[in-house]
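Notes follow the structure.
The values are calculated or read from the model by the stated rules, or taken from the named source; none is laboratory data. Since the structure is predicted, the reported quantities are computational estimates derived from the model, not experimental observations. Here the Cβ positions follow ideal geometry from the backbone for every residue, glycine too, while neighbour counts run over all protein chains shown. We work out accessible area using only protein heavy atoms, side chains counted, and drop any ligands, DNA or RNA first. Shrake-Rupley method; radii C 1.70, N 1.55, O 1.52, S 1.80 Å.
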Amino acid sequence: MDFKNITVAGGGVLGSQIAFQAAYCGLNVTIWLRTEASIGRAQPKVDRLHQIYLDTLEAMKTDPAAYAYGLIAREDVTPEALDACKERVEAAYRSLRLTTDWDEAFGDADLVIEAVAEAPDAKTAFYTELAKHIPERTVIVTNSSTLLPSSFAASTGRPEKFLALHFANEIWKNPTGEVMGHAGTDKRHFEQVVEFAAAIRMIPLRVLKEQPGYLLNSMLVPFLNAAEGLWANGVGTPEDIDLAWTLGTGAPAGPFRILDIVGLTTAYNIAAMSPASKDPDSVEHRIAALLKEKIDAGETGVNAGKGFYDYRK
């Protein structure tokens, strides 16, 4: 595998997960953050993942339902192997570096995974500055949930080495790695990213043409939007909407549980990008306003301890 030094730009919900999973799989991983305050917000996410990985591995000793593909092959599960995996978790936790320094983070990166805010201007500004700090060999991928790589290819300064790699939340047990290029992506680099996804125990999914939302979110986002619309229009509470879905389908989680995992800031950014959200009479506007109220109250999801549900109990 060509990539050894990995830098993840952004320490949010998915950025921290991607970084921890790559470190668990033995790669040299740095998380770049904009400010010292951002490091202060990211470190608790890393701490939480450290404990989740350890707890999941311990649970797998007695509970087959706890199995997580991202941590070990099913056929390899034994108490001894799971204890060895715990040692890998500890090594990953010790090795992860968090920094605000551009050259320290990116100066020797083989692969940069951009997981900054889901806002076009923020991403463009990041890529423009990034181009000043990376070696010629560096491949860049975006983990954007909804934005197309072709929108940012020129600002990277290396469009042939730029594409998208999208992960599902809780990647240690939901191991999708959606790889999507744009018209100018070199096929060799596309395949390098496919190989990287497999190397960190994801299942690579090739997206054959640019599609907002890739495969997963092309299905998930309309589902979440429908649930948010029911809530914003006063049709049902988040709890009852979730129950309608879980009881009616047998799914393990309803849309508002999923939104808590995704993070309400990401959900808000996606909602606010819709042109319809500018119309105060639209349901999109009401969704964005209600999400903003929860964000302003610090209720941003699982990592904050509270979102639509309280996780502090």
message: If N is the number of residues in the stretch 149-190, what value comes out of its Cα radius of gyration divided by 2.2 N^0.38 Å?
response: 1.32
task: State, to one decimal in nm, how far the label point of ALA81 lies from the label point of GLU160, with both points 7 Å from Cα in the Cβ direction.
output: 4.2 nm
- prompt: Residue separation times 0.36 nm, minus the C-alpha to C-alpha distance between ASP108 and SER282: what's the value?
  reply: 57.9 nm
task: Keeping all protein chains in place, calculate the accessible area per residue for the chain (probe 1.4 angstrom), answer in Å².
output: 45 Å²
message: If you consider only alpha-carbon coordinates, what radius of gyration and Dmax does the chain have, in Å?
response: 19.4, 60
message: Compute, for the stretch 218-304, the length of the dipole vector about the Cα centre, with Cβ point charges of +1 (Lys, Arg) and -1 (Asp, Glu) only. Units Debye, rounded to 20.
response: 160 debye
- line: Whole-Å distance linking the alpha carbon centroid of the stretch 238-253 with that of the stretch 63-138 is 33 Å
statement: Taking 0.36 nm per residue of separation between ALA37 and MET1 and subtracting their Cα-Cα distance, the length gained on full extension comes to 9.5 nm
field: Cα centroid separation, the stretch 1-15 to the stretch 158-217 (Å)
entry: 13 Å
task: Quick one, could you list the DSSP H helices from the chain stretching 30 Å or more along their long axis (Cα atoms) with average Kyte-Doolittle hydropathy of -1.0 or above?
output: 36-59
- request: Pick out, from LEU147, GLY157, LEU82, the residue whose Cα sits farthest towards the positive end of the charge dipole of the chain, with +1 on the Cβ of Lys and Arg and -1 on the Cβ of Asp and Glu.
  value: GLY157
